[in-house]
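Report on the following structure.
The values are calculated or read from the model by the stated rules, or taken from the named source; none is laboratory data. Keep in mind that what you see is a predicted model, and the values were worked out from it rather than measured. Here the Cβ is made from the backbone with ideal geometry for all residues, glycine too, and neighbour counts use every protein chain on show. Calculation scope for accessible area: heavy atoms of the full protein, side chains included, ligands and nucleic acids excluded. Shrake-Rupley method; radii C 1.70, N 1.55, O 1.52, S 1.80 Å.
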Amino acid sequence: MYEYKFEKIELSKLSGKPKESYHEVIQQNARKGWRLVQIFAPGVGAYGSAAYYEAIFEKRID
């Protein structure tokens, strides 16, 4: 059985770049035992572009 965690990474409206390093978000969670499953970028911004990334992590429950 697994536990899931969802972490939102906001994107700058002007540049479209992440406001924080998604690499660091992944590393921080990995150090806590979470495994990255997927990064999802829903098209909810202007012209269908993403307004944020959603990082999905999982961890086995013992």
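The table that follows gives values for the structure above.
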{"read-out": "Scan of region 9-33 for residues that are among the aromatic types (F, W, Y) and more than 12 Å from the chain's Cα centre (by Cα), ordered by number", "value": "none"}
{"read-out": "Test: residue in region 4-27 that is open to solvent by less than 60 Å² (accessible area, probe 1.4 Å), closer than 25 Å to I61 by Cβ and of a type in the set (F, W, Y)", "value": "no"}
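A quick yes/no check of all residues on (1) part of a loop (DSSP other than H, G, I, E, B); (2) touching a helix residue (DSSP H, G or I) at 6+ places or on another chain (Cβ under 9 Å); (3) of a type in the set (D, E); (4) touching a residue at least 40 places away in the same chain (Cβ under 8 Å):
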{"residue": "K8", "(1), (2), (3), (4)": "no, no, no, yes"}
{"residue": "S15", "(1), (2), (3), (4)": "yes, no, no, no"}
{"residue": "E20", "(1), (2), (3), (4)": "yes, no, yes, no"}
{"residue": "Q27", "(1), (2), (3), (4)": "no, no, no, no"}
{"residue": "A30", "(1), (2), (3), (4)": "no, no, no, no"}
{"residue": "G33", "(1), (2), (3), (4)": "yes, no, no, no"}
{"residue": "V37", "(1), (2), (3), (4)": "no, no, no, no"}
{"residue": "E54", "(1), (2), (3), (4)": "no, no, yes, yes"}
